[in-house]
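Below you'll find the structure, written out as structure tokens, and then a few comments.
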Amino acid sequence: MGQAMISGLLQSKLYIREDIFVYDAYGPSLESISKRFDVNVTHTGDELIKKSDIIIFAVKPSILSEVLEHVATVIRKDQLVVSIAAGVTIDTIIGYLGKKQKILRVMPNTPVLVGEGMSAVAANQMVTTGELDQILAIFRSFGKAEVVSEKMMDSVTGLSGSGPAFVYMFIEALADGAVFEGMPREMAYEFAAQTVLGAAKMVGETKEHPGVLKDRVTSPGGTTIAGVKALETEGLRAAGIAAVCAATKKSRELGK
């Protein structure tokens, strides 16, 4: 995710390479990032923090506490601390950095890599409106970003955070169906991906209910209603709901 965000920032030109500093405890990863993006790398987390105004912790939830404990004495109160660790609450971060620290919790997703990310942002009371706008600008530079209450972050994780994987599985399933019916696989992937992209854009731009848009494609006695019936029989809706709920539950567990 960290690399996807760097790529998105550079592609959007909101920041230049010289503005971005990166640290990774795993040397080969840091070397790879340096070669791929030509951004500044530091050899310690402390060095990165001293050179940064905004610190984004793009680490797994299981190690965030260890990282925060290590750098807590170096972080200044005027710095913005941003965490993208699923399930880790602002209160948990406050436990390491103190109540006066400016803290934001963000849940982006991997489509930031192609400029189509969806990010949710929650902030504590120390973050000013101008600072919140600054973080929103960063995450909107590679997609969309909205402010949400922190209590919604687990469901955001279950939906947009994990959702791309569910959509990839659906695209693969659509393509497999076409392959079964005789279409070459690469062509099937292209048709399936563009179909999902176009349908998603219709929902986003028209603001109409997905059911209304579905009904417009579904002619009486036609091919689409036959497919819709098959999806209902096989439990597509129930499977989608269950997937989001399971991912949301896991996010809650990670935060404990």
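Any read-out appearing in this document is the output of simple, stated calculations on the displayed coordinates, not a laboratory observation. Everything numeric in this text was worked out from a predicted model, so none of it was measured. Ideal geometry is used to build each Cβ from the backbone, glycine not excepted, and the neighbour counts take in all protein chains shown.
With helices defined as uninterrupted DSSP H runs, which ones in the chain have an alpha carbon span along their own long axis of at least 24 Å and mean Kyte-Doolittle hydropathy of at least -1.0?
Working: long enough: 163-180 (26 Å, 1.31); 185-206 (31 Å, 0.09); 236-254 (27 Å, 0.39).
Taking the DSSP H segments of the chain (at least 24 Å long, mean hydropathy at least -1.0), we get 163-180, 185-206, 236-254.
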Between residue 126 and residues 5 or more places away or on another chain, the pairs with built amide H atoms under 5 Å apart involve 103
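On a full-extension model of 0.36 nm per residue, what is the gain between residue 66 and residue 32, subtracting their alpha-carbon distance, rounded to one decimal in nm?
9.9 nm
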Which percent, nearest 5, of DSSP beta bridges in the chain are antiparallel? 20 percent
Averaging sequence separations of C-alpha pairs under 8 Å and six or more residues apart, then dividing by the length of the chain, give the relative contact order as a whole percent. 17 percent
Please report the antiparallel percentage of DSSP beta bridges with both residues in segment 2-153, rounded to the nearest 5. 20 percent
Highest first, please rank the peptides 104-113, 139-148 by the mean number of other Cβ atoms sitting within 10 Å of their residues. 104-113, 139-148
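For the chain, what class follows from the C-alpha gyration tensor (a ≥ b ≥ c being the square roots of its eigenvalues): rounded when a/c is under 1.5, otherwise prolate if a/b is larger than b/c, else oblate? Mind showing how you got there, number by number?
Numbers: a/c = 2.30, a/b = 1.87, b/c = 1.23.
Cα axes put the chain in the prolate bin.
Starting from the Cα-Cα distance between residue 148 and residue 14, subtract it from 0.36 nm times their residue separation and give me the gain in nm to one decimal.
Result for the pair: 45.9 nm of gain on full extension.
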I'd like the distance separating the alpha-carbon centroids of segment 97-113 and segment 189-256, in whole Å. 29 Å
Quick one: net charge of residue 239's neighbours, Cβ under 15 Å, K/R +1, D/E -1? -2
Calculate the dipole size of the chain relative to its Cα centre from +1 charges on Lys and Arg beta carbons and -1 charges on Asp and Glu beta carbons; express the result in debye to the nearest 20. 540 debye
Reachable lysines, given that their alpha-carbon falls under 26 Å from the alpha-carbon of residue 99 and they are not under 8 places away in the same chain: 50, 51, 60, 77, 151, 256
Please work out the Cα center distance from segment 53-78 to segment 3-37, rounded to the nearest Å. 18 Å
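Residue 119: net charge of surrounding residues, Cβ under 10 Å, Lys/Arg +1, Asp/Glu -1, itself excluded?
+1
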Residue-span extension gain [residue 239 to residue 40] - 0.36 nm each, minus C-alpha spacing: 67.3 nm
